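Take a look at the structure set out below.
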Amino acid sequence: TGDYNSARALAIQSDGKIVVAGYASLSGSGYNFVVVRYNTNGTLDTTFDGTGITATDLGGGDDYAHALGIQSNGKIVVAGSATGNDFGVVRYNADGTLDTTFGTGGGVITTVGSYADSAYALGIQSDGKIIAAGSNAVNGSLDEFALVRYTSNGTLDTTFGTNGIVTTEIVNASAAAMRIQPDGKIVAAGRTSVGGFYDFALVRYTTSGALDTTFGTNGKVTTPIGGYAEYASALGIQSDGKIVAAGSSNGAAGWDFAI
C-alpha cells in the first residue's frame with residue numbers, strides 16, 4: 001500500500017497465519033506503521049481489519065515500525081519510531097483493529113531524551129509487560145542503548161529503571177535486538193564505537209532494569225570480529241542459556257555475515 005513500503009519484522013501466530021510489520025509512505029500523509037497478515041498459503045487474510053492490511057498514523061510526523069510481538073491472547077504489539085523522534089508502541093486486537101484499552105486509543109509515544117529516539121526490538125514478558133529496546137541520541141550525534149517497559153495497559157512501568165526508562169552509555173551505542181531470558185533477565189544487542197570503528201555490543205539487565213554485573217564487565221560485553229564496522233542485528237538464546245548474536249562485519253573484502 002502507498003508509494004514506498006518496507007517490512008521490518010515478522011511473527012507467526014499459533015494458527016499458522018503470518019503477521020508482518022513495517023512502514024509505508026501513504027500518499028499525502030507521510031510514513032505510517034503498517035501491519036499485514038497472510039493466510040498460511042500466502043494470500044492476504046481479509047478477516048484482518050477488512051483487507052489484510054492496517055495502517056496507523058501516530059500523528060505529528062513520520063512513524064516507522066521496526067519490531068513485532070504477539071501476546072498469548074493473540075493481540076499484536078508493534079514498536080518503532082513515532083513522529084520520527086520518540087519511541088512508539090501500538091497494540092492491535094486479533095482482528096487488526098486498534099486495541100483502545102492500550103495507551104491512548106491503542107498507541108503510546110514515549111520521549112526518552114531530547115533528541116531522536118527509536119525502538120528497534122520488542123519483547124513481551126510472561127506477565128504481559130512489554131519491553132521496547134533501541135537507541136537514544138544523547139546530544140544529536142552520539143547514541144546510547146535505551147529500553148522502555150510498559151505495563152499491559154500501556155502505561156510506563158515505574159518499577160523499571162527510572163519511571164520505566166533505562167539508558168546505558170557505552171560509546172555511541174545503539175541496540176537493534178533484544179531477548180528476554182527464562183529467568184526474566186533482558187539481553188540487548190547492537191553496536192558500539194571502538195577506536196573509530198564499530199564492534200558488537202551486548203548488555204544484560206536484571207528484571208528491574210539494573211545492569212547485571214554478573215555478565216561481562218559490569219553488565220556489558222563488546223566483541224571485535226575483525227572488520228571496520230560490525231553491527232549485531234539479531235539475537236537468540238539457546239536452551240543452555242548461551243547467547244547467539246548475528247549481524248554484519250565490514251572488512252577489506254566487503255560485508256560479511258557475522259555470528
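The values are calculated or read from the model by the stated rules, or taken from the named source; none is laboratory data. Model, not experiment: these values are computed from the prediction. Heads up, the Cβs are rebuilt from the backbone with ideal geometry, glycines too, and the neighbour counts pull from every protein chain shown. Note: accessible area is taken over every heavy atom of the protein model, side chains too, but ligands, DNA and RNA are not part of it. Shrake-Rupley method; radii C 1.70, N 1.55, O 1.52, S 1.80 Å.
Taking every alpha-carbon pair under 8 Å whose residues sit at least 6 apart, the chain reaches a relative contact order of 9 percent. For the chain, a Kirkwood hydrodynamic radius built from all Cα pairs, placed in the Stokes-Einstein relation at 10 °C and 1.306 mPa s, yields a translational diffusion coefficient of 85 µm²/s. Surface composition of the range 177-259: carbon plus sulfur atoms contribute 55% of the solvent-accessible area (1.4 Å probe, protein chains only, all chains present).
Note on Thr47 and Leu142: the extension gain reaches 29.8 nm, defined as 0.36 nm multiplied by sequence separation minus the Cα-Cα distance. Across the range 68-154, the volume of the C-alpha convex hull divided among the residues equals 77 Å³ per residue.
Sorted largest first by accessible area at a 1.4 angstrom probe radius, with every protein chain in place, the residues Thr217, Thr223 fall in the order Thr217, Thr223. Each Lys and Arg adds +1 at its Cβ and each Asp and Glu adds -1 at its Cβ; summed about the Cα centre, the chain shows a dipole of about 440 debye.
Heavy atoms of the protein chains alone define the surface here; on that basis the chain has 44 Å² accessible area per residue at 1.4 Å probe size. Between the range 132-181 and the range 16-92, the alpha-carbon centres lie 21 Å apart. Just so you know, the Rg over Rh for the range 130-170 is 1.04, from Cα atoms, with Rh as the Kirkwood radius.
Among the listed pairs Lys75/Lys129; Lys185/Lys220; Lys17/Lys129; Lys75/Lys242; Lys129/Lys220; Lys17/Lys185, which are separated by more than 18 Å between their Cα atoms? Lys17/Lys129; Lys75/Lys242; Lys129/Lys220; Lys17/Lys185, as the Cα separations exceed 18 Å there.
In this view, the solvent-accessible surface of Lys185, computed with a 1.4 Å probe and all protein chains in place, comes to about 50 Å². Would you kindly give the portion of the calculated P(r) for the range 1-106 that falls above 17 Å, as a percent of all Cα pairs? Summing the P(r) of the range 1-106 above 17 Å gives 48 percent of all pairs.
Between Leu10 and Ser72, the modelled labels are 2.7 nm apart [label points 7 Å from Cα along Cα→Cβ].
Scalar couplings 3J(HN,Hα) for the range 82-96, obtained by applying the Karplus form with A = 6.51, B = -1.76, C = 1.60 to θ = phi - 60°, are 10, 6, x, 9, 10, 5, x, 10, 10, 10, 10, 6, 4, 8, x Hz; x denotes Gly and Pro.
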